[in-house]
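**Q** This structure is in structure tokens; I'll ask about it shortly.
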Amino acid sequence: MKILLTGSSGQVGHALQTSLAGFGEIIAPKREQLDLSNTKAIQEFVAASQPDLIINPAAYTAVDLAEDEVTLAHAINAQAAKAFADQAHTLNIPLIHYSTDYVFDGEKRDDQGNFCPYEESDDCAPIGVYGASKRAGELAIMASGCRHLILRTSWVYSDFGKNFMLTMLRLGADRDQLKVVKDQWGAPTSALWIADKTAEIVGQIQSADNPQEWWQQHQGIVHLTPANSTNWQTFAQAIFEAAFELQLMTRKPEVLGIPSSEYPTRAKRPHNSMLSTARLNKLFGIDVPKWEDCLLDCLRQMKNKQLTKELA
Ligand SMILES: NC(=O)c1ccc[n+]([C@@H]2O[C@H](COP(=O)([O-])OP(=O)(O)OC[C@H]3O[C@@H](n4cnc5c(N)ncnc54)[C@H](OP(=O)(O)O)[C@@H]3O)[C@@H](O)[C@H]2O)c1
């Protein structure tokens, strides 16, 4: 199987390179080889490489900057996604794409007034440019007619790249106390886990007796996050607890919870980012682990890399 993988210098793309290694040839162009703001280049690259599957984790992910770089955010998250999808349709290549909890306004509540998880079919109402551009990408892919899976995830972190977990470890190393937002709820999702579950799905695609039928039954949007939800304050505390246990930190800073109003950002964030994963289980038989277990896996891998480095 020949897989065209974008965004291999990003968190999910980087992890996918490892998880997909057993499937055959992976073509992973860097930005210098394929700039996603150039739709013609995308069409030509796909036509020239003739992959069996396109996996597109590349995205414009600078949520605050997107409020000022509206055109660029839409170019990468919507127009590039459309270019891949249109070419995938023309050449009959399936596409796996990633999207985000930010397509929702974060206000979904149950009858008791408590936040409750979003289903794939819930109405989207992004509250910022990043979310709007990602939603436009979803709509373009669905309208293209290509065989597709759109995996929506949330609060991505890894031992690589820019993310909340690494920021906490860096700040926590020299501060006694940190203030972290406590009124936004969601599921932290490890890029490693996203990559492993994507590989599991690719395995199912590869072994399908009737690929056409497989895509008819599975195509569409699927939420991909671990179980349980938390807020950023509790996530930060869990990072410090686990990192301390694994001796990645020598002490645990105190984490004070603050409301979002005390930590103003250029872009608004949804208060409720919880995504239901019932469809993931129903379609692919994937049982989701607790986010706490994924965090431990990620930090253990970080520790192992550190030990390997020290021994080298
Ligand atoms: N991060 C999160 O918290 C989060 C949450 C929910 C959903 N998601 C979604 O999950 C997916 C993966 O996110 P991630 O966290 O892995 O993203 P990331 O770490 O920010 O990586 C983004 C990747 O896109 C590439 N890229 C951006 N603009 C490009 C361009 N013009 N040409 C070529 N490549 C370009 C980047 O390349 P360079 O290294 O060259 O910049 C990088 O490899 C995305 O669809 C994202 O929307 C992320």
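**Q** Being among the charged types (D, E, K, R) and either in contact with a Gly (Cβ under 7 Å, 6 or more places away or on another chain) or within 14 Å of the ligand (Cβ to nearest atom) (or both), is that true of even one residue in segment 41-59?
**A** no
**Q** Only one of 213, 241 is exposed (fewer than 14 other Cβ atoms within 10 Å of the Cβ) and outside any loop (DSSP other than H, G, I, E, B). Can you tell me which?
**A** After applying the criteria, what remains is 213.
**Q** Here's another thing I want to ask about it. Of the residues in segment 70-95, how many are within 11 Å of the ligand (Cβ to nearest atom) and either more than 21 Å from the chain's Cα centre (by Cα) or of a type in the set (A, V, I, L, M) (or both)?
**A** Residues in segment 70-95 being within 11 Å of the ligand (Cβ to nearest atom) and either more than 21 Å from the chain's Cα centre (by Cα) or of a type in the set (A, V, I, L, M) (or both): 6 in total.
**Q** So which residues in segment 140-193 are within 10 Å of the ligand (Cβ to nearest atom) and aromatic (Phe, Trp, Tyr)?
**A** 155, 157, 160, 164
**Q** Go through segment 244-274 and give me each residue that's open to solvent by 70 Å² or more (accessible area, probe 1.4 Å), among the charged types (D, E, K, R) and part of a loop (DSSP other than H, G, I, E, B).
**A** Within segment 244-274, 251, 252, 266, 268 meet the criteria.
**Q** Within the group 78, 66, 88, which residue is touching a Cys at 6+ places or on another chain (Cβ under 8 Å), surrounded by 21 or more Cβ atoms within 10 Å (Cβ to Cβ) and part of a helix (DSSP H, G or I)?
**A** 88
**Q** Quick one: how many residues across segment 37-63 are open to solvent by 20 Å² or more (accessible area, probe 1.4 Å), outside any helix (DSSP H, G or I) and under 24 Å from residue 130 (Cα atoms)? So that I can check it myself, show each step before the final result.
**A** As a first pass, look at segment 37-63 and keep what is open to solvent by 20 Å² or more (accessible area, probe 1.4 Å): 37-41, 43-45, 47-48, 50, 52, 57, 59-63.
Right, trim to outside any helix (DSSP H, G or I) and you get 37-38, 50, 52, 57, 59-63.
Those still in the list that are under 24 Å from residue 130 (Cα atoms) too: 37-38, 57, 59-63.
Residues that pass the stated criteria total 8.
The values are calculated or read from the model by the stated rules, or taken from the named source; none is laboratory data. Worth saying up front: this structure is predicted, and the values here are computed from it rather than measured. FYI the Cβ positions are ideal-geometry reconstructions off the backbone, even for glycines, and counts take in every protein chain you see. The accessibility values were calculated without ligands, DNA or RNA, using every heavy atom of the protein model including side chains. Shrake-Rupley method; radii C 1.70, N 1.55, O 1.52, S 1.80 Å.
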